[in-house]
Amino acid sequence: MPKRIQHAVLAAEDRDFYAESAIDPQAMLRAAWNTATGKGKQSGSTITQQYVKNYYLDQEQTVTRKAKEFFIAIKLDREVSKDKILEGYLNTSYFGRNAYGIQAAAQAYYGKDIGELNTAQGAYLATLLNAPSSYDIVAHPQNKGRAVARWNYVLDGMVKKHWLSAAERQKMTFPGPSEAKAASGMSGQRGYLVEAVEDYLTSNGIIDEQTLARGGYRITTTIDKDKQDAFTEAVRDRLMSKLSKDRKVDAYVRAGGASIDPKTGKVVALYGGIDYTKQFVNNATRRDYQVGSTFKPFVFTSAVRYGATTQDGQTITADTLYNGDNKREVIGSDGPTGYAPPTRTTWTTATSTSPRPPTTR
């Protein structure tokens, strides 16, 4: 295990690992207090405790399991070297993409053995330990900012501990991982559905990611198979079949959507993309794209419904046009944004005398 990778993990998880004891009572009490007061769940565990949890116990958040973890960690720290504990931790931790252990993670994210990774890549793997799926920027491109911030935190920590020179740190650029390789059994819409359900369970604190990855659960969704099949067929017939391989722009077309029962609010169908094994990102749940012009019909309909008017006082109707000739800047909450729509659309900057005026952005 290269020292640069070990140092990256320590900078991310526990910079004083070699000097501290197996447990940190203050951190455990602080974590318990923050959890009890609604400030978020925190483990308060040292690397030794996390290794004990991974290798000797399970992921259940119970008092009994925590007590066992406490005493086993103390005994392990007395009988096993710090190097061996760190090695065990790195070989049993979960990194996302069904990768347990840092060697499996190196292959899953970069297609390389751990010894071939550079410091920047090692720092990214260390970043994943904090939130494996969330920081996988291929699966969740909307989280890239958070992942990069965490990656910078790891590298800055290495500089502070003198494991990396400031000059070397300055030259590094974020090493985006390779595309994920989905199992063949996740083809079509199946993978998107599984991913959406897993994200919901883990992001809402119903179950942690590592425990869920181990399997053994029966999960029931609100998806209706007939509606799901109909949704997939509709996208294929109304959109995908109209695209041409001879038109370059058609290669950039992406489709995504969800069908919701308005009476119950249940998601009955979801379309994430052409095929999970070919296009990994779920277009139905991703949040990194602005809705843009897609939302114009809703704003325009609201303007017509509530009698909104144009700048010169004309009532907005279905025939109202705006072509951008006046170069009027869009006004936001922080003042002019400097943006004047240059193309012809069926919308206009509007004000309204109704009690619920539409907002123009």
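The values are calculated or read from the model by the stated rules, or taken from the named source; none is laboratory data. Owing to the predicted nature of the structure, the values given are computational and were not obtained by experimental measurement. Here the Cβ positions follow ideal geometry from the backbone for every residue, glycine too, while neighbour counts run over all protein chains shown.
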query = What is the residue count in segment 101-133 for residues that are within 21 Å of GLY157 (Cα to Cα) and part of a loop (DSSP other than H, G, I, E, B)?
reply = 6
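State whether the residues of segment 182-203 include one that is over 29 Å from ILE274 (Cα atoms) and under 20 Å from the mean Cα position of the chain (by Cα).
no
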query = Is it the case that some residue within segment 86-100 is under 19 Å from GLU13 (Cβ atoms), assigned to a helix (DSSP H, G or I) and among the hydrophobic types (A, V, I, L, M, F, W, C)?
reply = yes
ask   = Do you know which of the residues in segment 120-162 that are hydrophobic (A, V, I, L, M, F, W, C) and in contact with a Lys or Arg (Cβ under 7 Å, 6 or more places away or on another chain) is surrounded by the fewest Cβ atoms within 10 Å (Cβ to Cβ)?
value = VAL159
query = Does VAL304 count as out of contact with any helix residue (DSSP H, G or I) (no Cβ under 6 Å at 6 or more places or on another chain) and of a type in the set (A, V, I, L, M)?
reply = yes
note = Here, helices (runs of 4 or more DSSP H) confined to segment 184-293 with at least 1 residues that are in contact with a Phe, Trp or Tyr (Cβ under 7 Å, 6 or more places away or on another chain) and modelled with pLDDT of 85 or more are 190-203, 225-238
task = Tally the residues that are within 12 Å of ALA123 (Cβ to Cβ) and of a type outside the set (Phe, Trp, Tyr), restricting the search to segment 150-176.
result = 14
